[in-house]
1. Taking segment 32-61 as the region of interest, how many residues are at pLDDT 85 or above, exposed (fewer than 10 other Cβ atoms within 10 Å of the Cβ) and hydrophobic (A, V, I, L, M, F, W, C)?
2. Starting from residues that are closer than 12 Å to Leu64 by Cα and of a type outside the set (A, V, I, L, M), keep the ones in segment 20-31 and report whichever is surrounded by the fewest Cβ atoms within 10 Å (Cβ to Cβ).
3. How many residues, within segment 62-74, are surrounded by 10 or more Cβ atoms within 10 Å (Cβ to Cβ) and β-branched (Val, Ile, Thr)?
4. Just the residues that are over 12 Å from the mean Cα position of the chain (by Cα) and hydrophobic (A, V, I, L, M, F, W, C), please, taken from segment 16-40.
5. Report the residue count in segment 41-74 for those that are of a type in the set (Lys, Arg), free of Cβ contacts under 8 Å to residues at least 24 places away in the same chain and assigned to a strand (DSSP E or B).
Amino acid sequence: MTRDTSPDLHYLSGFGNEFASEALPGALPVGQNSPQRAPYGLYAELLSGTAFTMARSELRRTWLYRIRPSALHP
């Protein structure tokens, strides 16, 4: 019986079920979600999927870094 002792595993970085992934190295801003100038000239947008009246600890949100702002899409 042979075992593969060194599988090529890739993990998402994150803490408390909050994960981050990027298509290009350095595309995510370090230490902040909404910088004045995002890397690669991207636009930062926050997508919230919870009610306005929920507690902050229960909020479900996603930060998106887009090539064009969603307001420009037809």
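The values are calculated or read from the model by the stated rules, or taken from the named source; none is laboratory data. What you are looking at is a predicted structure, and each value in this text was computed from that prediction instead of being measured. Methodologically, a virtual Cβ is constructed for each residue, glycine included, from the backbone with ideal geometry; neighbour enumeration extends over all protein chains shown.
1. 1
2. Ranking the qualifying residues of segment 20-31, first place goes to Ser21.
3. The qualifying residues number 1.
4. Leu24, Ala38, listed by residue number.
5. 1
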